[in-house]
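Okay, so here's the structure we're looking at.
Just so you know, all these numbers are worked out from the coordinates, no wet-lab data involved. Because the structure is a prediction, the values reported are computed rather than measured. Don't worry about glycine lacking a Cβ; one is built from the backbone with ideal geometry, like all the others, and counts go over all protein chains shown.
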Ligand code: NAD
Ligand code: TDX
């Protein structure tokens, strides 16, 4: 299959490209704007005969139309993805996540191309810590942040294009990913690289917030299964039963890296910080037989720590800029 992958130089997009090119004889074209979050180095070492890289913006309608016309399927990862940045400056989130998705949908509609939309569990808002409920495909949308509201908006556009125009599309909403190639602004790589640089990890507030962690390669396998065998028009939730508080995750990182358990700072909390996310992925497992391979979170985390140790040349150029952004955000909010 000839697959157009948007945002393929980002964290999950690049993991997906590695997964797809390793899983069969698919051909992948990546379109990526190479924002601060995109990195061509994340696609190094892949077979050049089956991978084409196009440096471009998903808001560029003529370019998108041409690339969609050359593809049999589109998998849409490109987004502004970081909640903290969306609190600072929401505009790029509206542009890329909403108008960018609209631009793709219109091209896919013209060409009749199969489309898979990548989204997040954050569209459902948050849960109480002691709530036995988990998100399902029928949980009402209730996003909290500029990031999650623009992702919710993009999901609704896809659903409307399916209903109104008969688009051949599927959607997936996944929980928090971890693994190689994740930008150092995000929680797990930020703390790992802080420790590697001799700096103290930063926990927002008391660290009680719970995230439902899944390895990016398990996310990729689920997306490929939905692309190949999912029912058109359907939404699938992707999660690996990985609920942990931020404090627990940080304790695991410190332990795995041989640092004292109290060697971190509690810093100002994120405004509007969602308390807990939790995914019920029974539909995906039951219909498509998908199961996570990285069932042991501590082992997956240890492998991820090892990856950041071995790949300092990949992350070091972005570390200072990411920490400078955090400093500016904290000063602006103080
Ligand atoms: P990321 O920020 O690491 O990567 C985003 C990529 O999109 C970058 O390579 C960037 O250059 C590119 N991009 C941004 N704007 C663009 C534009 N206008 N045109 C073309 N390319 C553009 O993000 P990520 O964490 O890999 O997330 C990928 C997708 O998965 C997003 O849609 C996100 O909402 C979703 N998602 C992420 C998680 C998570 O835990 N990170 C969980 C569930 C869903
Ligand atoms: O330094 C930090 N300290 C800290 O305690 C950072 C960067 C984060 N946190 C907390 C905030 C969250 O509770 O850790 C948790 C995870 O934070 P992020 O890595 O920023 O992820 P989150 O806001 O949960 O969103 C992620 O998962 C869902 C992705 O960034 C989104 O793109 C995805 O949709």
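See the values below:
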quantity	calculated
Every pair of residues 6+ apart whose Cβ atoms lie under 6 Å, when the first sits in region 22-46 and is farther than 15 Å from residue 77 by Cα while the second is part of a loop (DSSP other than H, G, I, E, B) and more than 16 Å from ligand 2 (Cβ to nearest atom)	26/1
Residue in region 174-187 that is surrounded by the fewest Cβ atoms within 10 Å (Cβ to Cβ), counting only those that are within 7 Å of ligand 1 (Cβ to nearest atom) and in a strand (DSSP E or B)	177
In region 214-229, the residues that are touching a strand residue (DSSP E or B) at 6+ places or on another chain (Cβ under 7 Å) and surrounded by fewer than 22 Cβ atoms within 10 Å (Cβ to Cβ)	227
Residue within region 150-165 that is outside any helix (DSSP H, G or I), touching a strand residue (DSSP E or B) at 6+ places or on another chain (Cβ under 6 Å) and either under 19 Å from residue 292 (Cβ atoms) or within 16 Å of ligand 1 (Cβ to nearest atom) (or both) present	no
Options 59, 63, 34; residue that is within 27 Å of residue 113 (Cα to Cα) and in contact with a strand residue (DSSP E or B) (Cβ under 7 Å, 6 or more places away or on another chain)	34
Residue count, region 258-273 (criterion: closer than 13 Å to residue 208 by Cα and assigned to a loop (DSSP other than H, G, I, E, B))	3
Residue under evaluation residue 124, criteria (1) within 15 Å of ligand 1 (Cβ to nearest atom); (2) surrounded by fewer than 22 Cβ atoms within 10 Å (Cβ to Cβ), criterion not met	(2)
Tabulated pairs, region 74-86, first touching a residue at least 24 places away in the same chain (Cβ under 8 Å) and closer than 14 Å to residue 37 by Cα, second part of a loop (DSSP other than H, G, I, E, B) and within 9 Å of ligand 1 (Cβ to nearest atom), C-beta under 6 angstrom, 6+ apart or interchain	77/7; 78/7; 78/58; 82/185
Extreme residue, nearest to the chain's Cα centre (by Cα), among residues of region 266-301 that are surrounded by 16 or more Cβ atoms within 10 Å (Cβ to Cβ) and within 16 Å of residue 190 (Cα to Cα)	301
Matching residues in region 101-130 - criterion: being in contact with a strand residue (DSSP E or B) (Cβ under 8 Å, 6 or more places away or on another chain), within 16 Å of ligand 2 (Cβ to nearest atom) and either in a helix (DSSP H, G or I) or over 17 Å from residue 157 (Cβ atoms) (or both)	101, 121, 123, 124, 126, 127, 128, 129
Counted residues, region 135-154 - those being under 22 Å from residue 221 (Cα atoms), within 16 Å of ligand 2 (Cβ to nearest atom) and surrounded by fewer than 23 Cβ atoms within 10 Å (Cβ to Cβ)	0
Any hit, region 158-171, residues being closer than 27 Å to residue 296 by Cα and buried (at least 18 other Cβ atoms within 10 Å of the Cβ)	yes
Region 209-257: number of residues that are in contact (Cβ under 8 Å) with a residue 60 or more places away in the chain, touching a helix residue (DSSP H, G or I) at 6+ places or on another chain (Cβ under 6 Å), over 30 Å from residue 168 (Cα atoms) and assigned to a helix (DSSP H, G or I)	1
Restricting region 230-251 to residues that are surrounded by fewer than 18 Cβ atoms within 10 Å (Cβ to Cβ) and closer than 30 Å to residue 160 by Cβ, the residue that is nearest to the chain's Cα centre (by Cα)	234
